Amino acid sequence: MAPIPALFVQSSSSIRIMDVRKTLSDQFEEYGVDISAPVLDRCHDICLQYAVDAEELVESWMAFSVSNNLHEVTLDTLAQMERKEFAKRNSKDVPTPKGLSKQNPKSSSVVVYNASKDPGLEDNILSAYCTTPKIDLIDFTSPGIIFTFNQRSRAEKRCAELTTPEQYGTKKQTTAGRSPRMAFSPASFSPTVGTPSSKYCTRTNAGQTVTEWGSLPPGATWKTEGSIPGLRVASYAGHGQPTLPAEARYMYERLTTKACVLNDVVDWLGKEICLKHGLDEPDHLKKLHSEPFIGIGHICCDANGRLNPSSVLLEGARGHPSFGISVPLKLTSVSSYALFPGQVVAVEGTNPTGESLVAQRVLCDAPLPLPSEPLKLSTANGPLNVVVASGPFTQSDTMTYQPLEDLIMYVQEHQPHVLILVGPFLDALHPQVTDGLLAQSFNEIFENIVDTLMRPLASCHTEVVLIPSSRDVNHQPVYPTPPYILRKSYPHLHLLPDPALLDVNGIIFGITATDVLMHIGREEVCNPPQGHDRLGRLASHLLNQRSMYPLYPPPEDLNVDLEMWDDHTHLPVTPHILILPSDFRYFLKSVGGAFIVNPERLAKGSAGGTFVRMNIKPVLSEDRSLVNSICAQVVRI
């Protein structure tokens, strides 16, 4: 037999090398990435050095390039990815789940933790008893499927399947070593996402009342005895108040439209302030006035920095009498004031030079009366119990939503008539969201949160109200924020926008998820500097300016659509109860006849936060205010 030429003699190892290089080239080409020969050689070396296959390397590169905004593969960028993704693999590698072999080329290159199980397993009656369920790892090896969804080790899954299901309404003990049900926790690329917070689990102040308003009648408890017949929970429709639709279109405004909106507010509210205080007709701001006159406009800053007493401008409306001009406002003769950008004011003062307005009085209040509609709350069907909590609903070091789970248990036990939950539910600022550790779409995670929230409450008479936040990563990043959109409907669930006016049997709640108190507090300038009751003063700005968000311009991280702002943030009445969640310390206050509530946050960092419970008794007098009929407590979760 003639000898085989050496040209055609190839070792099995050289064939494997060519296969890896071809696979690498094909994988990059599939993603539309051009790769040079030196880079291909280095990719092959990385595969050999770290024992990874070609598919895993290319997937790692694609994730790294998207996270770091890289557009081409070079030796330098490949070295960056190697240091970040593979260099510490030996010390911090995620353990391979049992049942999967590292040598299996069809195994997934990414492990997904806490993936959803087959819904059929949850309904399998036999698995709730002593029958040992069949447990298989789900291996998606068909074309187009990238991941293998492995929830936990085989032994842990068997224990989970054999555990007797918890009954709704059964009080669950919270201990330092409790194992979470993982009902809220989303599928993720990191086991830390579903790891419960140790700081939260070891807290000792759960259920503690930190502040309160009023007191319950003798013998009364926070547990509701029964539902209120004919309880009506809906958006407030009085005075022709429009409701922001879920499909609202935003950011289509023009600069001229924005200018018209601001001008109309200055003109309308400035005249209302003059009317309330019996002031003369306003005059041109830059007209020479040696005698006191009235000028109206909104507060501006003469620079891009923070407002201070020497940088205050008063900008008039574009029409008569000021024609949109601005004039420096001198406040040295004003003994008391509290100003912020966008605030509409009426100023009484002089303009001796025509260049600056020397103020003697600054008036900014034109609050509306409380609702005149009669309350549908009587001694026969009262009192009304309301629970209010604001997001974030999970700690910053986990996505287990333990505080929300504990709040649901509280609601199951006490069954308030109304539960108001204010977003964000899936916070765009959560570290595990920004790090890209979640293996599900944001909408899937949110809908799972809502479903896990509503299923235990299905047998309760509690009406649940959800208020969105522009910080919800699954929702529209605009203010005002349209209501959530869900594919599934629930009988006792109400989806409202932010801000919202909620009508509960004639009791009007004003609610917003935006931290308007903090936003105004950062920009406000006041005299005296250490004024009395700062939090009450900040809340009063909303009532005095007849707006749920009177600040303009807003912070850079808040996208305000001015047309929607003009249509949906102005108050038609002063609400009975104003719910203003804030990073400021929780408080309960009476301001201008309205009851102001700041429940703070249900989760604060890695620790638990607070929520508010209210008991609203029927009003027996002619007084429209409910301040004296409310018993409220701020309680630690």
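At 1.4 Å probe radius, can you tell me the per residue accessible area of region 507-637 in Å²?
Working: 4210 Å² over 131 residues.
Solvent-accessible surface per residue comes out at 32 Å².
Accessible area per residue for region 281-342 in Å², computed with a 1.4 Å probe and the full protein assembly in place, what is it? Please list the in-between numbers first.
Numbers: 3070 Å² over 62 residues.
For region 281-342, the solvent-accessible area averages 49 Å² per residue.
On a 1.4 Å probe surface of the protein chains, which of SER336, SER60, SER188, SER36 comes out largest in accessible area, and what is the full order? Let's see the in-between values first.
Working: SER336 75, SER60 25, SER188 0, SER36 55 Å².
The most accessible residue leads, giving SER336, SER36, SER60, SER188.
With only Lys, Arg, Asp and Glu charged, each at its Cβ (+1 for the first two, -1 for the last two), find how big the charge dipole of region 480-624 is about the Cα centre; round to the nearest 20 debye.
Numbers: 13 positive and 16 negative charges, 141 e Å.
For region 480-624, the charge dipole is close to 680 debye.
Give the span of region 332-426's Cα atoms along each principal axis, as three whole-Å numbers ordered largest to smallest.
Extents along the principal axes: 68, 47, 20 Å.
Hey, with R₀ at 60 Å, roughly what FRET efficiency would GLU622 and THR74 work out to, going by the Cβ-Cβ distance, to 0.05?
Numbers: r = 78 Å, r/R0 = 1.30.
For R0 = 60 Å, the calculated efficiency reads 0.15.
Using θ = phi - 60° and the Karplus relation 6.51 cos²θ - 1.76 cosθ + 1.60, list the HN-Hα couplings for region 496-513 in order, rounded to whole Hz, with x at every Gly or Pro.
In residue order, the calculated couplings are 10, x, 10, x, 9, 10, 9, 10, 10, 6, x, 7, 9, 9, x, 10, 9, 8 Hz.
Explain nothing, just the number: relative contact order of region 436-548, from Cα pairs under 8 Å at least 6 residues apart, as a whole percent. Before the final figure, lay out each step's value.
Numbers: 106 pairs, mean separation 20.9, N = 113.
That works out to 18 percent.
I need two numbers for region 391-512: Rg to one decimal and Dmax as a whole number, Cα atoms only, in Å.
Cα radius of gyration and Dmax of region 391-512 are 14.3, 45 Å respectively.
Under the Kirkwood approximation for Rh and a Cα-based Rg, what ratio Rg/Rh is obtained for region 226-322?
1.15
If you rank HIS576, HIS71 by how much accessible surface each has, with a 1.4 Å probe, what is the order from largest down? Show your work: numbers first, answer last.
Values: HIS576 5, HIS71 165 Å².
Correct descending sequence by accessible area is HIS71, HIS576.
On the principal axes of its Cα set, how long, how wide and how thick is region 208-259? Give whole Å, largest value first.
Extents along the principal axes: 60, 33, 22 Å.
Hey, quick one: spin label on PHE442, modelled 7 Å out along Cα-Cβ, who in region 243-258 has an amide N within reach, i.e. under 20 Å?
Label zone hits: 245-252.
What distance in nm separates the simple spin-label points at SER335 and ALA63, each placed 7 Å from Cα in the Cβ direction?
Each label point is offset 7 Å from its Cα along the Cβ direction, giving 6.6 nm.
May I ask you to give the solvent-accessible area per residue for region 381-469, in square angstrom, as obtained with a 1.4 angstrom probe?
Values: 2120 Å² over 89 residues.
I get 24 Å² per residue for region 381-469.
Which residues does a label at LEU255 reach in region 528-561, if reach means a backbone N under 17 Å from a point 7 Å past the Cα toward the Cβ?
553
Size of the dipole of region 191-249 about the Cα centre, Lys and Arg at +1 and Asp and Glu at -1 on the beta carbon, nothing else charged, in debye to 20? Walk me through the intermediate numbers first.
Details: 5 positive and 3 negative charges, 34 e Å.
Computed charge dipole of region 191-249: roughly 160 debye.
Which far-off residues, 5 or more places away or on another chain, put their amide H under 5 Å from the one on LYS376, with H placed in the peptide plane?
For LYS376, the qualifying residues are GLY506, ILE507.
Roughly speaking, what is the stretch gain from ASP533 to SER215, that is 0.36 nm per residue apart minus the C-alpha to C-alpha distance, in nm to one decimal? Intermediate results must be reported in sequence, preceding the final value.
Working: separation 318, 0.36 × 318 = 114.48 nm, distance 2.28 nm.
Stretched fully, the ASP533-SER215 segment lengthens by 112.2 nm.
Working from the alpha-carbon coordinates of region 511-556, get Rg over Rh, Rh being the Kirkwood radius. Please list the in-between numbers first.
On the way: Rg = 10.6 Å, Rh = 11.2 Å.
Using only Cα positions, Rg/Rh for region 511-556 is 0.95.
What list of ³J(HN,Hα) values in whole Hz, one per residue of region 367-384 in order, does the Karplus curve 6.51 cos²θ - 1.76 cosθ + 1.60 (θ = phi - 60°) give from phi, with Gly and Pro shown as x?
x, 8, x, 5, x, 8, 5, x, 7, 9, 9, 10, 5, 7, 10, x, x, 9
For a 26 Å ceiling on Cα separation, which of these pairs sit above it: LYS276/LYS330; LYS330/LYS589; LYS488/LYS604? Each step should come with its number before you reach the end.
Values: LYS276/LYS330 24 Å; LYS330/LYS589 33 Å; LYS488/LYS604 30 Å.
Long pairs (Cα-Cα over 26 Å): LYS330/LYS589; LYS488/LYS604.
Once the Cα gyration tensor of region 465-621 is diagonalised, what are the square roots of 5 times its eigenvalues, in whole Å and ordered largest first, as equivalent ellipsoid semi-axes? It would help to have the intermediate numbers written out before the result.
Numbers: eigenvalues 110, 87, 59 Å².
One finds semi-axes of 23, 21, 17 Å for region 465-621.
With θ set to phi - 60° and the Karplus curve 6.51 cos²θ - 1.76 cosθ + 1.60, what are the ³J(HN,Hα) couplings of region 544-553 in order, to the nearest whole Hz, using x for Gly and Pro?
Running phi through 6.51 cos²θ - 1.76 cosθ + 1.60 with θ = phi - 60° gives 5, 9, 6, 8, 7, 8, x, 7, 8, x Hz.
Note down, for region 403-463, the three equivalent ellipsoid semi-axes (square root of 5 times each alpha carbon gyration tensor eigenvalue), biggest first, whole angstrom.
Working: eigenvalues 138, 28, 17 Å².
Each semi-axis is √(5λ); the values are 26, 12, 9 Å.
Using a 1.4 Å probe, how large is the accessible area of TRP565, given in Å² and rounded to the nearest 10?
Roughly 20 Å² of TRP565 is accessible to a 1.4 Å probe.
Please work out the C-alpha center-to-center distance from region 581-626 to region 399-476 and express it in whole Å.
Cα centres, region 581-626 to region 399-476: 20 Å.
What percentage of the solvent-accessible surface of region 543-637, computed with a 1.4 Å probe over protein heavy atoms, is contributed by carbon and sulfur atoms?
Numbers: 1220 of 2990 Å².
In region 543-637, the share of accessible area belonging to carbon and sulfur is 41 percent.
So for the pair THR192, ASP583, with labels modelled 7 Å out along Cα→Cβ, what separation do we get in nm?
In this crude spin-label approximation the distance works out to 2.1 nm.
For the full complex of protein chains and a 1.4 angstrom probe, list ARG585, ARG546, ARG203 by accessible area with the highest value first.
Details: ARG585 150, ARG546 30, ARG203 50 Å².
Ranking ARG585, ARG546, ARG203 by accessible area, largest first, yields ARG585, ARG203, ARG546.
Can you tally the net charge around GLU253? Count Lys and Arg as +1, Asp and Glu as -1, for every other residue whose Cβ sits under 11 Å from the Cβ of GLU253.
0
First measure r as the distance between the Cβ atoms of SER606 and VAL33, then evaluate 1/(1 + (r/R0)^6) with R0 = 30 Å and state the FRET efficiency to the nearest 0.05.
Numbers: r = 40 Å, r/R0 = 1.32.
Given R0 = 30 Å and the Cβ-Cβ separation, E is 0.15.
Quick one: putting +1 on the C-beta of Lys and Arg, -1 on the C-beta of Asp and Glu, what dipole do you get for region 245-375 around its Cα centre, in Debye to the nearest 20?
That gives a dipole near 340 debye.
Which length gain, in nm to one decimal place, applies between SER459 and SER378 when the Cα-Cα distance is subtracted from 0.36 nm times their residue separation?
Working: separation 81, 0.36 × 81 = 29.16 nm, distance 2.54 nm.
Result for the pair: 26.6 nm of gain on full extension.
At 1.4 Å probe size, with the rest of the protein present, what percent of the exposed accessible area of region 183-266 is carbon and sulfur atoms? Write down the numbers at each step before the final one.
Details: 2640 of 4930 Å².
Using a 1.4 Å probe with all protein chains present, region 183-266 comes out at 54 percent carbon and sulfur.
Using the beta-carbon distance between ALA206 and HIS492 and R0 = 30 Å, what value does 1/(1 + (r/R0)^6) give for FRET efficiency, to the nearest 0.05?
Details: r = 26 Å, r/R0 = 0.88.
Given R0 = 30 Å and the Cβ-Cβ separation, E is 0.70.
So which GluC sites (Glu not before Pro) in region 193-279 pass both tests, a DSSP loop state and at most 14 other Cβ atoms within 10 Å of the Cβ? Display every interim value, and only then the final one.
Numbers: sites: GLU212, GLU225, GLU247, GLU253, GLU272; in loops: GLU225, GLU247, GLU253.
Sparse-neighbourhood loop GluC sites (Glu not before Pro): GLU225, GLU247.
The values are calculated or read from the model by the stated rules, or taken from the named source; none is laboratory data. No experiment lies behind these values; they were computed from the predicted model shown. Note: ideal-geometry Cβ built from the backbone for every residue, glycine included; neighbour counts use all protein chains shown. Please note that ligands, DNA and RNA were not included when accessible areas were found on the heavy atoms of the full protein model with its side chains. Shrake-Rupley method; radii C 1.70, N 1.55, O 1.52, S 1.80 Å.
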